[in-house]
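Remarks on the structure that follows.
The values are calculated or read from the model by the stated rules, or taken from the named source; none is laboratory data. Keep in mind that what you see is a predicted model, and the values were worked out from it rather than measured. Cβ atoms come from the backbone with ideal geometry, glycine included; neighbour counts cover every protein chain shown. Surface areas here come from the heavy atoms of the whole protein model, side chains and all, with no ligands, DNA or RNA. Shrake-Rupley method; radii C 1.70, N 1.55, O 1.52, S 1.80 Å.
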Amino acid sequence: MKKINIAIDGPSGVGKSSVAKEIAKRLDLVFINTGLMYRAIGYYCLNHNIDLENEQKIIESLKEIDLNLLPNEKIELNGVDITNKLWSDQISLIASKVAKLPKVREFCVHKQQLIAKNNPGIVMEGRDIGSVVLKDAELKIFLEANNEIRTKRRVEQLLAKGINANEADVLKNIIERDKRDSERDATPLIKVPEAIAIDTSYLTLEEVIQNIVELAKEII
Ligand code: C5P
(Lines give C-alpha, C1' and ligand atoms only; values in the text may rest on other atoms or scores of the structure.)
Protein backbone atom coordinates (compact mmCIF):
# COMPACT_ATOMS: atom_id res chain seq x y z
CA MET A 1 0.00 0.00 0.00
CA LYS A 2 1.28 3.49 -0.87
CA LYS A 3 2.39 5.53 2.16
CA ILE A 4 0.67 8.89 2.40
CA ASN A 5 0.78 11.70 4.94
CA ILE A 6 -2.46 12.67 6.65
CA ALA A 7 -2.85 15.96 8.53
CA ILE A 8 -5.61 16.15 11.13
CA ASP A 9 -6.39 19.51 12.72
CA GLY A 10 -9.17 20.90 14.84
CA PRO A 11 -9.99 22.45 18.22
CA SER A 12 -9.62 20.78 21.62
CA GLY A 13 -11.72 17.80 22.56
CA VAL A 14 -12.87 17.05 19.04
CA GLY A 15 -11.43 13.54 19.09
CA LYS A 16 -8.32 14.13 16.96
CA SER A 17 -6.02 11.76 18.79
CA SER A 18 -8.49 8.85 19.05
CA VAL A 19 -9.24 9.19 15.35
CA ALA A 20 -5.62 9.66 14.25
CA LYS A 21 -4.39 6.73 16.32
CA GLU A 22 -6.87 4.29 14.79
CA ILE A 23 -6.39 5.54 11.23
CA ALA A 24 -2.64 5.06 11.55
CA LYS A 25 -3.22 1.52 12.80
CA ARG A 26 -5.58 0.59 9.97
CA LEU A 27 -3.44 2.11 7.22
CA ASP A 28 -0.12 1.03 8.70
CA LEU A 29 1.10 4.59 9.18
CA VAL A 30 2.93 6.28 12.07
CA PHE A 31 0.78 8.26 14.52
CA ILE A 32 2.16 11.49 15.99
CA ASN A 33 0.39 13.74 18.50
CA THR A 34 2.06 17.16 18.22
CA GLY A 35 0.24 18.73 21.20
CA LEU A 36 2.54 16.69 23.45
CA MET A 37 5.44 18.99 22.55
CA TYR A 38 3.62 22.15 23.67
CA ARG A 39 2.42 20.29 26.77
CA ALA A 40 5.98 19.15 27.58
CA ILE A 41 7.35 22.71 27.25
CA GLY A 42 4.51 23.92 29.50
CA TYR A 43 5.34 21.17 32.00
CA TYR A 44 8.99 22.23 32.02
CA CYS A 45 8.03 25.88 32.65
CA LEU A 46 5.70 24.87 35.47
CA ASN A 47 8.34 22.74 37.17
CA HIS A 48 10.99 25.43 36.84
CA ASN A 49 8.71 28.20 38.11
CA ILE A 50 9.05 30.12 34.88
CA ASP A 51 6.69 33.10 34.79
CA LEU A 52 4.41 32.47 31.81
CA GLU A 53 4.14 36.20 31.17
CA ASN A 54 7.91 36.36 30.73
CA GLU A 55 8.29 35.42 27.08
CA GLN A 56 12.06 35.87 27.09
CA LYS A 57 12.49 33.38 29.92
CA ILE A 58 10.31 30.80 28.16
CA ILE A 59 12.34 31.21 24.98
CA GLU A 60 15.63 30.95 26.90
CA SER A 61 14.44 27.74 28.53
CA LEU A 62 14.19 26.08 25.09
CA LYS A 63 17.98 25.72 25.24
CA GLU A 64 17.58 23.41 28.24
CA ILE A 65 14.77 21.38 26.70
CA ASP A 66 15.52 18.28 24.68
CA LEU A 67 12.27 16.77 23.42
CA ASN A 68 11.99 13.36 21.85
CA LEU A 69 8.49 13.03 20.39
CA LEU A 70 7.76 9.39 19.71
CA PRO A 71 5.01 7.59 17.79
CA ASN A 72 1.88 6.48 19.62
CA GLU A 73 1.57 9.42 22.02
CA LYS A 74 4.85 9.30 23.86
CA ILE A 75 7.31 12.05 24.65
CA GLU A 76 10.59 12.24 26.49
CA LEU A 77 11.83 15.42 28.12
CA ASN A 78 15.59 15.39 28.66
CA GLY A 79 15.60 11.61 28.42
CA VAL A 80 12.65 10.93 30.73
CA ASP A 81 9.24 9.74 29.55
CA ILE A 82 6.83 12.33 31.02
CA THR A 83 3.79 11.51 28.88
CA ASN A 84 1.51 10.56 31.76
CA LYS A 85 2.19 13.86 33.52
CA LEU A 86 0.85 15.94 30.66
CA TRP A 87 -2.90 15.39 30.55
CA SER A 88 -4.22 17.71 33.30
CA ASP A 89 -6.28 20.81 32.46
CA GLN A 90 -3.60 22.92 34.10
CA ILE A 91 -0.99 21.65 31.62
CA SER A 92 -3.47 22.07 28.73
CA LEU A 93 -3.85 25.75 29.54
CA ILE A 94 -0.14 26.35 30.03
CA ALA A 95 0.53 24.53 26.73
CA SER A 96 -1.76 26.94 24.88
CA LYS A 97 0.09 29.88 26.48
CA VAL A 98 3.56 28.76 25.42
CA ALA A 99 2.19 27.78 21.98
CA LYS A 100 1.46 31.44 21.23
CA LEU A 101 5.16 32.28 21.02
CA PRO A 102 6.61 32.18 17.48
CA LYS A 103 10.00 30.91 18.74
CA VAL A 104 8.32 28.02 20.58
CA ARG A 105 6.35 27.19 17.44
CA GLU A 106 9.49 27.25 15.28
CA PHE A 107 11.21 24.92 17.76
CA CYS A 108 8.32 22.42 17.65
CA VAL A 109 7.53 22.64 13.94
CA HIS A 110 11.17 22.02 13.02
CA LYS A 111 11.24 18.81 15.07
CA GLN A 112 7.86 17.69 13.74
CA GLN A 113 8.96 18.18 10.12
CA LEU A 114 12.10 16.17 10.83
CA ILE A 115 10.00 13.33 12.27
CA ALA A 116 7.81 13.40 9.15
CA LYS A 117 10.88 13.32 6.90
CA ASN A 118 12.26 10.29 8.74
CA ASN A 119 8.92 8.44 8.83
CA PRO A 120 7.28 8.58 5.41
CA GLY A 121 3.61 7.71 5.88
CA ILE A 122 2.47 9.58 8.94
CA VAL A 123 -0.79 10.64 10.56
CA MET A 124 -0.07 13.82 12.46
CA GLU A 125 -2.60 15.69 14.53
CA GLY A 126 -2.55 19.19 16.00
CA ARG A 127 -3.58 22.74 15.12
CA ASP A 128 -1.21 23.75 12.30
CA ILE A 129 -0.46 20.45 10.59
CA GLY A 130 -2.29 21.11 7.31
CA SER A 131 -1.33 24.79 7.27
CA VAL A 132 2.35 24.62 8.31
CA VAL A 133 3.90 21.31 9.39
CA LEU A 134 2.73 19.04 6.55
CA LYS A 135 1.75 21.55 3.89
CA ASP A 136 2.15 18.83 1.25
CA ALA A 137 0.09 16.17 3.03
CA GLU A 138 -1.93 14.11 0.55
CA LEU A 139 -4.98 14.28 2.81
CA LYS A 140 -5.98 17.09 5.16
CA ILE A 141 -8.85 16.73 7.60
CA PHE A 142 -10.39 19.38 9.85
CA LEU A 143 -12.47 17.91 12.66
CA GLU A 144 -15.21 19.92 14.35
CA ALA A 145 -17.84 19.28 17.03
CA ASN A 146 -20.08 21.45 19.19
CA ASN A 147 -18.96 22.62 22.64
CA GLU A 148 -21.27 20.32 24.57
CA ILE A 149 -20.03 17.20 22.82
CA ARG A 150 -16.38 18.26 23.03
CA THR A 151 -16.76 18.83 26.76
CA LYS A 152 -18.28 15.38 27.24
CA ARG A 153 -15.53 13.72 25.22
CA ARG A 154 -12.79 15.54 27.08
CA VAL A 155 -14.30 14.61 30.48
CA GLU A 156 -14.44 10.96 29.39
CA GLN A 157 -10.86 11.11 28.13
CA LEU A 158 -9.64 12.59 31.43
CA LEU A 159 -11.55 10.04 33.51
CA ALA A 160 -10.10 7.24 31.40
CA LYS A 161 -6.63 8.56 32.25
CA GLY A 162 -7.56 8.55 35.95
CA ILE A 163 -7.93 12.35 36.22
CA ASN A 164 -10.97 13.81 37.99
CA ALA A 165 -12.88 16.26 35.83
CA ASN A 166 -16.12 18.20 36.00
CA GLU A 167 -17.97 19.48 32.94
CA ALA A 168 -18.11 23.16 33.92
CA ASP A 169 -14.34 23.41 34.41
CA VAL A 170 -13.59 21.44 31.27
CA LEU A 171 -15.92 23.63 29.18
CA LYS A 172 -14.23 26.78 30.52
CA ASN A 173 -10.81 25.32 29.72
CA ILE A 174 -11.83 24.34 26.17
CA ILE A 175 -13.30 27.78 25.42
CA GLU A 176 -10.24 29.59 26.78
CA ARG A 177 -7.82 27.39 24.83
CA ASP A 178 -9.81 27.60 21.59
CA LYS A 179 -9.89 31.37 21.83
CA ARG A 180 -6.13 31.57 22.38
CA ASP A 181 -5.38 28.98 19.66
CA SER A 182 -7.54 30.67 17.02
CA GLU A 183 -6.71 34.28 17.86
CA ARG A 184 -2.93 34.04 18.25
CA ASP A 185 -0.83 35.86 15.63
CA ALA A 186 1.61 32.98 15.09
CA THR A 187 0.02 30.33 12.87
CA PRO A 188 -3.40 30.20 14.51
CA LEU A 189 -5.77 27.27 14.23
CA ILE A 190 -7.37 27.53 10.80
CA LYS A 191 -9.00 25.25 8.30
CA VAL A 192 -7.01 25.45 5.08
CA PRO A 193 -9.24 25.52 1.97
CA GLU A 194 -8.11 22.08 0.77
CA ALA A 195 -8.91 20.40 4.11
CA ILE A 196 -12.04 18.29 4.32
CA ALA A 197 -14.17 19.35 7.28
CA ILE A 198 -15.98 16.65 9.23
CA ASP A 199 -18.46 17.60 11.93
CA THR A 200 -18.12 14.72 14.37
CA SER A 201 -20.82 15.91 16.82
CA TYR A 202 -23.33 13.24 15.88
CA LEU A 203 -21.02 10.61 14.43
CA THR A 204 -19.57 7.68 16.32
CA LEU A 205 -15.80 7.32 16.50
CA GLU A 206 -16.07 4.36 14.10
CA GLU A 207 -18.06 6.46 11.58
CA VAL A 208 -15.44 9.22 11.62
CA ILE A 209 -12.64 6.69 11.19
CA GLN A 210 -14.44 4.91 8.32
CA ASN A 211 -15.04 8.22 6.63
CA ILE A 212 -11.35 9.19 6.70
CA VAL A 213 -10.10 5.71 5.82
CA GLU A 214 -12.34 5.81 2.72
CA LEU A 215 -10.92 9.21 1.74
CA ALA A 216 -7.38 7.89 2.25
CA LYS A 217 -8.03 4.75 0.20
CA GLU A 218 -9.18 6.88 -2.74
CA ILE A 219 -5.71 8.41 -2.76
CA ILE A 220 -3.72 5.27 -2.00
O1 C5P B 1 -3.74 18.84 21.12
P2 C5P B 1 -3.58 19.21 22.56
O3 C5P B 1 -4.88 19.61 23.21
O4 C5P B 1 -2.85 18.22 23.36
O5 C5P B 1 -2.67 20.52 22.52
C6 C5P B 1 -2.39 21.29 23.66
C7 C5P B 1 -2.18 22.73 23.22
O8 C5P B 1 -1.00 22.80 22.42
C9 C5P B 1 -3.28 23.31 22.34
O10 C5P B 1 -4.31 23.94 23.09
C11 C5P B 1 -2.55 24.32 21.49
O12 C5P B 1 -2.43 25.55 22.16
C13 C5P B 1 -1.17 23.75 21.37
N14 C5P B 1 -0.93 23.11 20.07
C15 C5P B 1 -0.55 23.92 19.01
N16 C5P B 1 -0.23 23.36 17.81
C17 C5P B 1 -0.27 22.03 17.64
C18 C5P B 1 -0.67 21.17 18.71
C19 C5P B 1 -1.01 21.76 19.91
O20 C5P B 1 -0.54 25.14 19.14
N21 C5P B 1 0.11 21.52 16.46
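Against the test of being more than 20 Å from residue 196 (Cα to Cα) and either open to solvent by 40 Å² or more (accessible area, probe 1.4 Å) or touching a helix residue (DSSP H, G or I) at 6+ places or on another chain (Cβ under 9 Å) (or both), the options 144, 138, 125, 183 yield a single qualifying residue, 183. Going through the stretch 33-70 one residue at a time, which ones are within 15 Å of the chain's Cα centre (by Cα) and within 13 Å of the ligand (Cβ to nearest atom)? Listed by number, the residues that qualify are 33, 34, 35, 36, 37, 38, 39, 40, 41, 42, 69. Taking into account only those residues within the stretch 186-220 that are touching an Asp or Glu at 6+ places or on another chain (Cβ under 7 Å) and part of a helix (DSSP H, G or I), which is least open to solvent (accessible area, probe 1.4 Å)? Ranking the candidates gives 209 first.
Residue 151 meets each of the listed conditions (1) open to solvent by 10 Å² or more (accessible area, probe 1.4 Å); (2) at negative phi apart from (1). Taking only the stretch 10-32 into account, find how many residues are under 20 Å from residue 120 (Cβ atoms), open to solvent by less than 20 Å² (accessible area, probe 1.4 Å) and within 15 Å of the ligand (Cβ to nearest atom). The number of residues fulfilling the criteria is 3.
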